[in-house]
Structure formats: structure tokens, C-alpha cells
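Accompanying notes for the structure given below.
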Amino acid sequence: MQRIEQSTLAATLIALTALAPAPAAARERSEVPEAYTWNLKELYPDEAAWEAARASLTARLPKLAAQKGHLGDSPAALLGALEAVSALRLDLERLYVYAETRNDEDTRQNRPRELKQGAQRLVVDLGSATSWIRPELLALDEAKVRGFLKQEPKLAPYRVFLEETLRYKPHTLSAAEEQISAMAGDLTGASRGTYGTLKDADLPYPTVKLSTGEVRLDPSAYTLQRASPVKADRDLTFEKFFGALKTYERTFGSTLDAHFKGHLFDAKVHKFGTTLEAALFESAIPTSVYTQLVSDVRRSLPTLHRFLKLRQRMLGLPQLAYQDLYVPTVGKVDLTFTPDQARAETLEAVAPLGKAYQDGLKKGFESRWTDFLPSTGKRPGAYSTGVFGVHPYQLLNYNGQYDDVSTLAHESGHSMHTALSYARQPYQTSDYPIFVAEVASTLNENLLLHHMLGKAKDDTTRLALLGNALDNMRTTLFRQTLFADFELQAHQLVEQGEPVTGERLSALYLKILREYYGHAQGVCRIDDLMAIEWAYIPHFYSNYYVYQYATSLVASTSIARAIREEAKAGKAKARDAYLTLLSSGSSKLPIDLLKDAGVDMTTSKPFDAAIAEMNAIMDDMEKILAKQPKAAK
Ligand SMILES: [Zn+2]
């Protein structure tokens, strides 16, 4: 279930990049005008139709077993099995998306929750019914499979799937060994659960007295309070929250050590040289892309330091400390937009992508792809999903702020990526890989920023927009890469057989943190206690995942810059290359998809373009600040 897994991953990405608090929804769903709701009737006219489709799917599942052991019989046999699975998947995706979207409309309702549980059961059932296909394919001779591809033209849509499966051949063991390895995975995966239980439930978080009142400093209160404009409050927040984590440093250390040892076990068993190689193999990303990102960021630390000095100046602090990185420097963008205005701004912002893109998005806005407004019980946050043969769907909790318009642009980027891939690809390759997914969304955010800058009437708005973009680059480019750097070095300790304790991890984290933030040069003071921050980051349990936040922003910033510059000169080469990416789904490997779009992620060129954009933003901000020194407080 590639599509469903990806939607979940995309949702995780959204959760990390847009940590917005759930809006206060006072409205019942029945009060929301229909034009602002999505049209799920295009999936099924009613629940009875959904039930009928589910019954049909359930009845077809056991029939797959008849094809077991026959994939290698003939090209026709292989085609028959793959077509049967493909049809089941397509039907399941429709069932699943309907159940999930219905459930998200109002999570308090019982019936939609039952639908969702039913769909989840089907995902598991389809997984079991098809679990033999991969090992059976891997046991076939590669030349034979490629021969089948030549003989049977109807296998063409399955070429990517077949080649991707065969790519694993050197890393696949016998059936019995794979079974043992999977069972071991259940054991090594347990530490992630222990970590979550300790951090999110059992850890006795302290109650502190801030100037605004008493607060229990759990992780969600921490993310709120660390942005306090009162310095004493944020200093106390860091001291108490990190102090509480520090009490369990040894336990956090042992869960992360056990988790990384699991990665090492898996890498060794499947004949990979390193844990990094094993993790990046799935998307066929060369390990050099990862290590180059880290070295590109390290050589660009002067740009981060320039940002930190600018922040210090805007906050008017004699010395910047790690506790001062989340307090807003210029306040929010003081603009509000109705949903119709938000749609109009987004459509204008994507003009550099051409009329066809604009028209496609306009059609989406007009034909109820989007569930726009918050209401009681609705799932918080935002996401984009879709069903092949229908269209994308997106969920928002639109509240009228600039951030909400930015979220609309972001999700619309995903949705147009989906729509264009649906239009140009067969179902089998219509799904795009996670490595490129966040390029399409963050590129639209970039276009929106420049569109809004172009029409901003005053310097305060301009400053707020630029400050917003800059904070995003600090947290995505530098902070996520810092995590990636730590993740790699900590894994290397495990690979070298070094003892990995909480104390050791803290020492490593503090060293890296101080290097990045220029502690020794006096740019940003990093207190000893900040060493424990690694224990707060759940993504270290996601196996070399976070670097993709940085690479996505690098790629989208670089492409958007080229598109904007060309648009001014009346050219469209970069735009057309980018549109090719959007309509290519997963027909190529992620690195090649991006190469076609004009960004070669195996070089430093896209990264340098992103850093140039960050410096250009700071140039603009400094010009504005020079004009109005008093506003800089
Ligand atoms: Zn996204």
C-alpha cells in the first residue's frame, strides 16, 4: 500500500513543518457552507456503496492464492498476478481514503471510525494476501524477469516495480532467514515504544511559575513557552524542561542505543556496509547526497551566524543564547484573508508556473477538492491525499491568517503534484516518492512569499514576511541537518562498537551544537544543559529520515529561484523542467526525477542557490532595518 503509507509519511512531514496549534473551532460541521467542504460523493454515493465495495474486495482477496508459485511460469502469468494485485490496491485506496476522510470530518463520530477500522483491517489483509509476491519475484532469475518484460508489452507499467524489487536481490536472504530477521525486528523496534512512553506519558514534567501563571512543562507546553517574549520565562522554560529530560539521560541513552543497534543488526544481516547505506537504499539515494549535505551546511555556517547576529540585533540582546531562537523578532504578518482571498492569492502566486498549472488549481478550488474550514471534532492540521481516477483531496483548518494561506499554497503544491502525475502516469507509477514530495509543496510556499513581498504596502509587513522565511530556513536547512549530522555520528559510534551511553550522546550533541551555533566565537551561547536536547527529538527513531526536510527545501528553493528569474526574462526552461517532475510520479528514481527538474542533488549547486536566497533575504531585511532603526527593537 504505497499510497497509503506515503500519505501517512506526508502527514508526518506536515506535522513537523507546520507545528500550528489546533484552531479554536466553535462551528459545527453542519454549519459549514457546502462550497467549503470536500465532495466525497465522488468516491462513493453513500455508505452502502462503500460497504458493497468492501464486500467485493474481501471476496476477491483469497483468489490471489491461486497464482502463488506461478509468477515465473510465463509473461502472461506474471502479468495476470500483477494486474490482480494492482486492481485490489486501487480499490483499497479508494475505500481507505473515503473512510479516513469521513473520519477526519468529525473524529467524535462512531460510524466513520468503524469505517476506518474496517479499511485498516483490509490493509492488513491485503498485506498478508500479497506477502508471497516479493520473495517469489526475488527468487526468480533476473534475466528471466527482464525477458518477460521484453516479451509482454503490457508489463511495461510494472517495469519500475519489477526493477525496484530486483534491486534488493543482493540484500535478500533465504525465506527462513528473512523470517528470523523480521522477528528480530519486532524486538529491536521495542525501544522506540519505550522512548515514547517515557517522554510522552511517564516522565514527571515540572510545573513552573512563569510571568503568565503556572504551567506544567510537558513537551507541548515547552514548544509554546520557548517562544515567550519574556526572557526570564523562556530561560526558565529551557532550564526546567531540559532539566527534567536530563534526569533520565541514562534511560534515554539506552533506548536510543538499542534502537541504533537494531539498525546495525538489520544492515549487517542484509549485507550493507553501513547503517546509512542500508537506510538510503530504499529510495536509491547515494550516501554522498547525505554526507555532502552535512559538509555543505558546515561550510555555510557563516550564513547561519549572520542570521544569528541579525536576530540578536533585532531582539536588542547584549548576548544571544540558544534560549532566544524561538521568540518572534518582528511579530506575525498582520494580514487576514477570507478563504476566497486566500484562493485568489495562491492562484496569483503560482503564476510563474504557467497558465495550465494555474487553471488546474483553479479547477480544483472550484470542484471541492478542499475541506477548508475548522469545525468541532475535525482532525487538526492539514494534509493532501488522493485517489487515482478521481482527484486529490486536501484537508485544511483555515483560520484566515497568513500562515493559513501559506498552508493552502503548501497543500495545493502536493495536490497539483498528485493531479499532474495522475494525468500523465498509469496507476502503477502515479505515486510520487517521499524524497521529492516536499519539493512541490515548499516550492509553492516560496512563490507565495515572493508574491506577497511584491504587493506588500509597508516595511513592517515586508519585514515579517522575510523574517518568517528566514526562521523557516534556520529550522529546516540548519537545524534538520544538525540532527542528520548527529544521527550519522551516533550511528558510527555504534558501528565501531563504542559504548553509547546517554552521557556519551550528550557530549557528542553538545559538541556539534556548539560548532554549528558558533559558541566558541561568541555568536550564540550554548549552555551545558542544552546537551540533552537530542532526547527531545523523536525523529532519531525514524532511521535517517530528517535530512530529507533539508534536501527538499534546498531543491525547491533552488528551482523556485531559477523559475522566478527566468519568468522575469520571459523564459520558461526551468518551469517546464519542473512541470515534468510534477507529472512523472514514480516513473524514475527520486534523484533522477530531480535531475530532470534541473537540480542535481549529487552536487552542491542547488545548496549554494538556497544559501544565496537566504543571504538575499538578509540583505533585504538589513536594508529595511537601516531605514527604521527604532522599529528594530
Ligand atoms: Zn507537505
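Only the coordinates and a few stated rules stand behind these numbers; no lab work does. All values derive from a computational prediction rather than experimental measurement. Because the Cβ atoms are built from the backbone with ideal geometry, glycine has one as well, and the counts that use them run over all protein chains shown.
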Handout entry: Reduced Cα scattering model of the chain, Debye log10 I(q)/I(0), q = 0.06, 0.07, 0.11 Å⁻¹
Key = -0.34, -0.47, -1.26
Exercise for the section: Could you order peptides 95-101, 460-466 by the average number of other Cβ atoms within 10 Å of their residues, highest first? Expected result: 95-101, 460-466
Handout entry: Net charge of neighbours whose Cβ lies under 9 Å from the Cβ of Ala119, counting Lys and Arg as +1 and Asp and Glu as -1
Key = +2
Handout entry: Computed magnitude of the charge dipole of region 157-301 (debye, nearest 20; Cβ of K, R +1, Cβ of D, E -1)
Key = 420
Fill in the blank from the handout: Summing -39500 (n - 2.57) over every DSSP H run of at least 4 residues in the chain and dividing by its residue count gives a helix-only mean residue ellipticity at 222 nm, to the nearest 500 deg cm²/dmol, of -20000 deg cm²/dmol
Problem - Under 5 Å, built H, 5+ apart or other chain: amide partners of Leu210 - result: Val215
Exercise for the section: In nm, give the distance between the simple-model label positions of Arg504 and Arg298, each being 7 Å from the Cα along the Cα-to-Cβ direction. Expected result: 2.0
Fill in the blank from the handout: With the label point 7 Å along the Cα-to-beta-carbon line of Ala76 and a cut-off under 13 Å to each amide N, the hits in region 137-155 are 152
Exercise for the section: Measure nothing but the geometry: give the 0 to 90° angle between the long axis through the Cα atoms of 459-473 and the longest principal axis through the Cα atoms of the chain, rounded to 10°. Expected result: 50
Exercise for the section: Would you mind working out the magnitude of the charge dipole of region 75-226 relative to its Cα centre, with +1 at each Lys and Arg C-beta and -1 at each Asp and Glu C-beta, to the nearest 20 Debye? Expected result: 280
Practice task
Calculate how steeply helix 287-299 sits against the longest principal axis of the alpha-carbon atoms of the chain, using the helix alpha-carbon long axis, and give the answer as 0 to 90 degrees to the nearest 10.
Solution key: 10
Practice task
At 0.36 nm per residue, minus the direct Cα-Cα distance, what do Lys231 and Arg250 gain on full extension? Give it in nm, one decimal, please.
Solution key: 3.8 nm
Exercise for the section: Would you mind calculating the gained length between Ala567 and Glu164 on full extension (0.36 nm times residue separation, minus the Cα-Cα distance), in nm to one decimal? Expected result: 141.4 nm
Practice task
May I ask for the net charge around Thr212, where only other residues with Cβ less than 15 Å from the Cβ of Thr212 are counted and Lys, Arg are +1 while Asp, Glu are -1?
Solution key: +3
Problem - For Val330, residues with placed amide H under 5 Å, excluding near neighbours - result: none
Problem - Fewest-first ranking of Asp104, Asp200, Asp600, using other Cβ atoms within 10 Å as the exposure measure - result: Asp200, Asp600, Asp104
Fill in the blank from the handout: Checked against the positive end of the charge dipole of the chain (+1 on Cβ of Lys and Arg, -1 on Cβ of Asp and Glu, about the Cα centre), the farthest of Val160, Ala221, Gly598 is Gly598
Practice task
Could you calculate the FRET efficiency of Ser30 with Ala284 from 1/(1 + (r/R0)^6), where r is the beta carbon distance between them and R0 is 41 Å, rounded to 0.05?
Solution key: 0.25
Handout entry: Gain in span if fully extended, Leu61 to Asp527, counting 0.36 nm per residue against the direct Cα distance
Key = 161.9 nm
Problem - Peptides 541-549, 308-316, 479-487, 210-218 ordered by average Cβ neighbours within 10 Å, highest first - result: 479-487, 541-549, 308-316, 210-218
Handout entry: Formal net charge of residues neighbouring Asp324 (Cβ-Cβ distance under 11 Å; K, R +1; D, E -1)
Key = +4
Handout entry: Label point distance in nm, Lys511-Gln117, each placed 7 Å from Cα along Cα→Cβ
Key = 5.1
Exercise for the section: Give the peptides 115-128, 47-60 in descending order of average Cβ contacts within 10 Å, highest first. Expected result: 115-128, 47-60
Practice task
Compute the distance in nm between two label points, each set 7 Å from the Cα along the Cα-to-Cβ direction, one at Thr197 and one at Asp125.
Solution key: 3.2
